[in-house]
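These notes concern the structure reproduced below.
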Ligand code: NAD
């Protein structure tokens, strides 16, 4: 059995030393070379592939993640992001020519993408590899040095990532800082040139406040309650299968998991029956015994979620504290006073509310904070357009859940309470680059109209 060293904390002196070393290294200009960036990305790819078994074991230890879930959502997606960056980096990093106005003749305009410098990436525990390293790929591709702060709530994974990073990179280029709130607070006191944070909305505010002391730009990838609107005009079995998948994947501990259902009242009971069947098909009669179902990360989150299991429970409702197991639980006839509607659920509990017409569903969504994801199941183009045009959310997936975030060509991020900025693919490269505008003028021709004494007069003066 693999042993994980999980009680390491980076000292405050060491944090300061990392910043000093990274800034010195960045100033050498080594990371400006696209070839250098590609070499580092390839090193990371090889190391992740070489340590696959250890990473999957750590994810199982921290979250009971089934291997296939862990591989697809953590490793594959990160490796794919590296490949995508390697393939496109020459194109992304080339200065972009833009047209300039005639009054500036002769001139050329170009946008250069330059790295910020020292980038700090702070990640949560629910996808502790993906949410730490995928932004890191963007930061590396853009030519920054990187300080990684994994979540202390997934300590085995943090320890493996720390070991891997140490084995391939000098701390001048990439370093891992381990520790709890006190360590992160110390990290935030130092001046980063960019901070990329993934986590809760509450801590997002703490991060933004700390960043403001140094005027450091931030990306905040936050959470919230992502609604699923289920119209009556759907394929019931396919919709139910996808919703159940999204709510059971990582035991519902996904930032874009379906948080609650808004179901058209005409099909509610048929949809509940279908979800019951789908759950049985995917996990058998005893979900706790299934190898394909994860566990709640810790006791605090376990008890927080269990408090929501109350009211008209129509599916599931079982839990086992010793095993941190909570069955997928669907609760009908929920209103806004229900505990599951008071905060982001972030677990396998699915409350159901109903609506009679799409206006009602849209008004309900718009009455709350802007969600990270919004899902609509409907065959009607008219309803799809209504929902797209009259709601605001980080992203939307029509007729499925979650999968839109695993597409490198679609920027991923929140809006309002669910976040600020976005990343993935080229969007990551842009996030971690400063767009520097450069105008180059010719020096031989000089149109003198802008110089005093001004010959042009406005007619009315
Ligand atoms: P969290 O906000 O508690 O912690 C996130 C990170 O911040 C961790 O590394 C933690 O060590 C650090 N942190 C915690 N308290 C801090 C403090 N006072 N000062 C400085 N740093 C602090 O979030 P979590 O519980 O790890 O993750 C769950 C939340 O993250 C959910 O709200 C979820 O929706 C959100 N999330 C968002 C995305 C996304 O991509 N938008 C992805 C995953 C999770």
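We did not get these values from a lab; they are worked out from the coordinates using the rules stated. Everything quoted here is computed from the prediction, not taken from an experiment. When we count neighbours, we look across all protein chains shown, and the Cβ atoms used for this are built from the backbone with ideal geometry, even at glycine.
A few remarks follow.
- Rounded to the nearest 10 degrees, the inclination of helix 12-27 to the longest alpha-carbon principal axis of the chain is 50 degrees.
- Compactness index (Cα Rg / 2.2 N^0.38 Å), region 1-130: 1.45
- Working from Cα pairs under 8 Å separated by at least six residues, relative contact order for region 178-252 is 27 percent.
- Shape category assigned to the chain from the gyration tensor of Cα positions, a/c cut at 1.5: oblate
- Rounded D (µm²/s) - region 337-461, Kirkwood Rh over Cα pairs, Stokes-Einstein at 37 °C, 0.692 mPa s: 170
- log₁₀ of I(q)/I(0) at q = 0.13, 0.22, 0.25, 0.32 Å⁻¹ - region 102-148, Debye sum with one point per alpha carbon: -0.44, -0.75, -0.87, -1.12
- Principal-axis analysis of the Cα atoms of the chain puts helix 155-168 at an angle of about 30° to the longest axis.
- The chain - mean residue ellipticity at 222 nm from DSSP helices (-39,500 (n - 2.57) per run, n ≥ 4, rounded to 500): -11500 deg cm²/dmol
- Normalised by the number of residues in the chain, the mean separation of alpha-carbon contacts (under 8 Å, six or more apart) gives a relative contact order of 18 percent.
- Nearest-ten-degree value, helix 268-283 long axis tilted from longest Cα axis of the chain: 80
- On the basis of the beta-carbon distance and an R0 of 51 Å, residue 454 and residue 379 show a calculated FRET efficiency of 0.20.
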